[in-house]
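The values are calculated or read from the model by the stated rules, or taken from the named source; none is laboratory data. These numbers were taken from a predicted model, which means no experiment stands behind them. Cβ placement follows ideal geometry from the backbone for every residue including glycine, while neighbour counts extend to all protein chains displayed.
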Amino acid sequence: MDAKTTNRPATDQDIHDRIWSSIVDRQLAPGTRLKEEHLAEIFNVNRARIRQVLQHLARDGLITLVPNRGAFVAEPSIEEARDVFFARRTIEERLVERLCATIDDQGARRLRDHVAAERRAHDAGDFETAIRLSGAFHMLIADLAQSQILAGLLRDLVSRTSLITALYQSRSAHNCGPDEHEALVEAIVAHDAAAAIEVMKHHLAHIEAQLDLEGERAPARNLADILSPRR
């Protein structure tokens, strides 16, 4: 099938969001090659624009740029996934412990408002927004805990977790939605460090347990069919 271009050139944000959504929705399988010339035709832009967007997606950990081969949808291994969650448990237990000792009314309000936004996205079935808000919730904890070192380490891990979850979470798994985040907020606001650490450990273990890294991969599909705007 020939690729169909849009009537007008897509913006960089349109290109970014369409590729992101296609990865999150598992339309683009891990390891899928993203050819610059094909994407340029689909989005009716030049290859330099495509290359810029791909570099941004690579910084987010969504795709891998291979010298002399091109761009591919990132394909985290089982070992990488386990390492990411191990590191997150270590860092985030320390963050919630710090935050329990320093949380104030403004911080509590920011956490509760964020969980409310997550719940709205979850109830609306907006999977992409829910994933982004979930990662942002953990970064909000790091921000409120005021640890630049731990926040910097966590930022990369959260990005990698979002990709791992979007690509490999089992479709048959129960989606806890924002409930566990809400329980974590209440423990933090109550200044109960022991409870907050346990909730965080359970939350991350729950996410990791839902991963299906050995599941059947989606069959290859035409990029134009996946990425072209719906008419």
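Close contacts from the stretch 5-28, counting a first residue that is under 17 Å from residue 164 (Cβ atoms) and modelled with pLDDT under 80 and a second that is of a type in the set (Ser, Thr, Tyr) and assigned to a loop (DSSP other than H, G, I, E, B), with Cβ to Cβ under 9 Å and a gap of 6+ residues or different chains, come to 23/32. Among residues of the stretch 42-64 being β-branched (Val, Ile, Thr) and part of a helix (DSSP H, G or I), the one that is surrounded by the most Cβ atoms within 10 Å (Cβ to Cβ) is 53. Condition check: surrounded by fewer than 16 Cβ atoms within 10 Å (Cβ to Cβ), in contact (Cβ under 8 Å) with a residue 60 or more places away in the chain, out of contact with any Asp or Glu (no Cβ under 7 Å at 6 or more places or on another chain) and outside the structural domain of residue 38 (by TED's automatic domain parsing). Does residue 82 satisfy that? Criteria met by residue 82.
Is the stretch 206-223 home to any residue that is surrounded by fewer than 17 Cβ atoms within 10 Å (Cβ to Cβ), part of a helix (DSSP H, G or I), at pLDDT 80 or above and touching a helix residue (DSSP H, G or I) at 6+ places or on another chain (Cβ under 8 Å)? For the stretch 206-223, residues surrounded by fewer than 17 Cβ atoms within 10 Å (Cβ to Cβ), part of a helix (DSSP H, G or I), at pLDDT 80 or above and touching a helix residue (DSSP H, G or I) at 6+ places or on another chain (Cβ under 8 Å): present.
I'd like to check something: does the stretch 162-170 contain any residue that is in a loop (DSSP other than H, G, I, E, B) and either of a type in the set (A, V, I, L, M, F, W, C) or modelled with pLDDT of 90 or more (or both)? Checking the stretch 162-170: not a single residue is in a loop (DSSP other than H, G, I, E, B) and either of a type in the set (A, V, I, L, M, F, W, C) or modelled with pLDDT of 90 or more (or both). Every condition in (1) without any contact (Cβ under 8 Å) to a residue 24 or more places away in the chain; (2) buried (at least 16 other Cβ atoms within 10 Å of the Cβ) holds for residue 37 except the one numbered (2).
Taking into account only those residues within the stretch 141-166 that are closer than 22 Å to residue 17 by Cβ and of a type outside the set (Val, Ile, Thr), which is surrounded by the most Cβ atoms within 10 Å (Cβ to Cβ)?
Only one residue tops the list, namely 163.
Being part of a helix (DSSP H, G or I) and closer than 24 Å to residue 131 by Cβ is the filter here; which residues of the stretch 16-41 pass it?
16, 17, 18, 19, 20, 21, 22, 23, 24, 39, listed by residue number.
The residues of the stretch 113-138 that are loosely packed, with under 15 Cβ neighbours inside 10 Å and within 24 Å of residue 190 (Cβ to Cβ), listed by number, are 113, 116. In this structure, residue 190 does not qualify as out of contact with any Phe, Trp or Tyr (no Cβ under 7 Å at 6 or more places or on another chain) and at pLDDT below 85. Tell me, yes or no, whether the stretch 20-34 has at least one residue that is farther than 26 Å from residue 212 by Cα and surrounded by 16 or more Cβ atoms within 10 Å (Cβ to Cβ). No. Here the stretch 92-106 is the region considered, the condition is being touching a residue at least 12 places away in the same chain (Cβ under 8 Å) and surrounded by fewer than 19 Cβ atoms within 10 Å (Cβ to Cβ), and the residue that is nearest to the chain's Cα centre (by Cα) is 93.
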